[in-house]
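Readers should treat all values here as calculations from the given coordinates under stated rules, not as data from a laboratory. Note that the structure is predicted; figures quoted are calculated from it, not measured. Virtual Cβ from ideal backbone geometry, glycine too; neighbours counted across all protein chains shown.
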Amino acid sequence: MTTYGAQSMAAPLRRVLMRRAAAAMRGADPQRWHYGPGFDAAKAGVQHDGLVELVEESGAEILWLGDEEDGLADSVFTHDPSLMTDHGAVILSMGKSLRKPEPGLHEAVYRKHGIPILGRIEGTGTVEGGDCVWVDRKTLAVGRGIRTNQAGIEQLANLLGPHGISVHGFDLPLWQGAEACLHLMSVISPLADDLALVYAPLLPVAFWQMLKARGIQLVEGDAEEFAASYGLNLNVLPTAPREVIAVAGFPKTKAAMEAAGCTVKTFEADALCIACEGGPTCLTRPVLRW
Ligand SMILES: NC(=O)NCCC[C@H](N)C(=O)O
């Protein structure tokens, strides 16, 4: 039975890697981690449990990173330190220095579950999972910005090219500065193979052109909700095509997805997602989608 492989953003989610916020975020200093005033570690832990319930309801199996109190608060954002392919996991290299130890945690858990390691981003190269978007099974778009650099994109292309996957780098804007988190996934959430939620003003033009050329329907996330949430209205997790999990409190963006045929379930996440710059996609690393 296949236990890994995810070269799609929205095929049914079967297995996913997560880490509970209660232990990982306990005692985190918001200034050090660039968390907003709404950060509350205990509340974040409870809100994370709300997401876990929705993921379990979808039928996906959760693989857990251990609850050791290693002080790695951002390690709850499991989307970023590794990327899954049908040929094994790529162990990435973090652009945010406080997150440098996290790829090692992912490698250990993959080894424990018998998931092969296809390769790793090394040396000066950096790539974060939030910058990687499967446009289709053979095409990976990668945002080049504060977290992911050209050396990392070239290494990724060298690892994936032999498996018939083409890697395309797209420049991201600086937007709120080098300390803030802006990934390619901050401005797009695929909802199905032919549908994506976007914040068009911050999309790289050539990426937008690629999506349009492929006939992918683009649903606009509400601009006021985007500003009010630092983009978290847009960060939604498909558990199957057109079935998504979103942060509560963004009715216009939710209605736009529903109008495009999506079913949207929500969870409260002011202390976890809005404060810490990562939503339900960031809190999940798909291990198997098919
Ligand atoms: N894929 C994502 O957008 N991840 C969000 C990561 C948030 C975390 N506080 C960070 O700055 O890396």
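Quick notes on this one:
- Boolean, residue 280 is within 16 Å of the chain's Cα centre (by Cα), within 15 Å of the ligand (Cβ to nearest atom) and in a strand (DSSP E or B): no
- Hits in the range 185-215 (condition: among the basic types (Lys, Arg) and either in contact with a Leu (Cβ under 8 Å, 6 or more places away or on another chain) or within 16 Å of the ligand (Cβ to nearest atom) (or both)): 212
- Residues of the range 155-188 satisfying the condition of being loosely packed, with under 14 Cβ neighbours inside 10 Å and on the phi < 0 side of the Ramachandran plot: 158, 161, 162, 163, 166, 171, 173, 174, 176, 178, 179
- Every pair of residues 6+ apart whose Cβ atoms lie under 6 Å, when the first sits in the range 174-200 and is hydroxyl-bearing (Ser, Thr, Tyr) while the second is buried (at least 24 other Cβ atoms within 10 Å of the Cβ) and part of a helix (DSSP H, G or I): 189/234; 199/234
- Residue count for the range 24-51, restricted to those that are assigned to a helix (DSSP H, G or I) and either within 16 Å of the ligand (Cβ to nearest atom) or surrounded by 17 or more Cβ atoms within 10 Å (Cβ to Cβ) (or both): 12
- Some residue of the range 50-60 being farther than 21 Å from residue 81 by Cα and among the hydroxyl-bearing types (Ser, Thr, Tyr): yes
- Here 101, 116 are screened, and the one residue that is within 16 Å of the ligand (Cβ to nearest atom) and exposed (fewer than 14 other Cβ atoms within 10 Å of the Cβ) is 101.
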